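Each remark here refers to the structure printed beneath this line.
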Amino acid sequence: MSTPSVVPTRAGLESLPKYVPGRTVPGAIKLASNEVPAGPLPSVASAIAASAADINRYPDMGAWALVDRISTRFEVPQERIAVGCGSVALCQQLIQALCEPGDEVMFAWRSFEAYPILTQIVGATAVTVPLDAGHTHDLDAMLAAITPKTRLVFVCNPNNPTGTAVRRAELARFLDAVPPHVLVVLDEAYREFVTDREVPDGLELAAGRGNVAVLRTFSKAYGLAGLRVGYAVAPEQVTAALRQVYIPFSVNSLAQTAAIASLDAEEELLARCTKIVAERSRVRDALLETGYQVPETQANFVWLPLGEKTADFAEHALANKVIVRPFAGEGARVTIGNPDENEAFLTAARSFPALT
Ligand SMILES: *Cc1c(COP(=O)(O)O)cnc(C)c1O
């Protein structure tokens, strides 16, 4: 039964962009959400099962055991670590903690589609700076776009959905030039897939800088997308503010346990990433050979800047039982899966009639 209501919702809610999740179609291969193809390791699955015996209890609200484990692993003090319900929640918390209505949040476009949505939810103003011709962050243009109202700048490195990455020298130069009242957030959701040594480790760049935060997640390389847990490393005042705007108990106990077990099994999990990286080169080379443009990628996906052909490409892939993530009029993002899945995708890509 429908239940009509005359309760008004907030002004502007209807103009909020919608987050489009990767589709799931029974029987089709999902290469749409940048997940890793393998299920949990036995050690992680059994840690989750053991933790399930205690779910009548609230989780540790500060996730202190996990914070302690992250602190040891990455050699950063506990006070500089905040855990969140996926790093997407930490993006929102950062904006909530730093911005008042009218303050500006800057990010490249196209980049992670959650940034504009979260910015608008909080009532801040999004300022977008186009990627350069190589589909990479234009850090000089971003620097030039900073105003006295700018509070946050997201630099997604490698960038979702293009896979491109900024290198150490240019990012360090950018950080040196950003005024101290602006927090630069290095979103490193795909850090574990980076193979070019010139792509900097954000944690190294953030050390000793009072206006840099790094976001990492257990959803991608660590394979825990369904459990929702990520973390921020930031100056103490920023992590304290993140805790103030944290939804109480939002990182559940199974997620906390699984994240610790995943750090314990890190070598095994990163070995899986090495296989994905090898597949990434194979897939990109095959696409280039077929005649596609594919920017160099440091993540677990490739970007096909197909422009107006994007929607047709996604439909053609789906007709071949492969789900990609189209951004209409711009391009398609395709996650690297296991070799069979990638082969099915390449077969579809080779038979796309509108390619030439
Ligand atoms: C996937 C992703 C995240 C976060 O994912 P969570 O599952 O919320 O941890 C954050 N930033 C980027 C750029 C991503 O692609």
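Taking the conditions (1) closer than 23 Å to residue 103 by Cβ; (2) out of contact with any Phe, Trp or Tyr (no Cβ under 8 Å at 6 or more places or on another chain); (3) in contact (Cβ under 8 Å) with a residue 24 or more places away in the chain in turn, residue 237 satisfies each one other than (3). Evaluating residue 36 against the criteria (1) of a type outside the set (Phe, Trp, Tyr); (2) under 26 Å from residue 253 (Cβ atoms); (3) in a loop (DSSP other than H, G, I, E, B); (4) out of contact with any Gly (no Cβ under 7 Å at 6 or more places or on another chain) leaves one unmet condition, (4). Screening residue 206 with (1) closer than 17 Å to residue 155 by Cβ; (2) within 12 Å of the ligand (Cβ to nearest atom) gives one miss only, at (2).
Return the total of residues in segment 216-250 being in a loop (DSSP other than H, G, I, E, B) and of a type in the set (Val, Ile, Thr). Result for segment 216-250: 3.
For segment 4-59, filtering for residues that are aromatic (Phe, Trp, Tyr) and assigned by the TED database to the domain that holds residue 126 leaves 1.
Residues that are surrounded by 10 or more Cβ atoms within 10 Å (Cβ to Cβ) and under 30 Å from residue 315 (Cβ atoms) within segment 4-20 comprise 16, 17, 19, 20, listed in sequence order. Only one of the numbered conditions (1) within 16 Å of the ligand (Cβ to nearest atom); (2) under 20 Å from the mean Cα position of the chain (by Cα) is not met by residue 274, and that is (1). Checked against (1) of a type outside the set (A, V, I, L, M, F, W, C); (2) touching a His at 6+ places or on another chain (Cβ under 7 Å); (3) part of a helix (DSSP H, G or I), residue 275 passes all but a single condition, namely (2).
Counting only residues that are surrounded by fewer than 19 Cβ atoms within 10 Å (Cβ to Cβ) and part of a strand (DSSP E or B), segment 81-126 holds 3 of them.
Considering only residues in segment 80-114 that are without any contact (Cβ under 8 Å) to a residue 40 or more places away in the chain and within 15 Å of the ligand (Cβ to nearest atom), the one that is nearest to residue 182 (Cα to Cα) turns out to be 92.
None of 286, 319 is over 24 Å from residue 156 (Cα atoms), crowded, with 16+ Cβ neighbours inside 10 Å and in the same structural domain as residue 346 (by the TED database) except 286.
The values are calculated or read from the model by the stated rules, or taken from the named source; none is laboratory data. Predicted model, so just to flag it, every value in this text is computed and none were measured. Note that each Cβ is placed from the backbone with ideal geometry, even for glycine, and that neighbours are counted across all protein chains shown.
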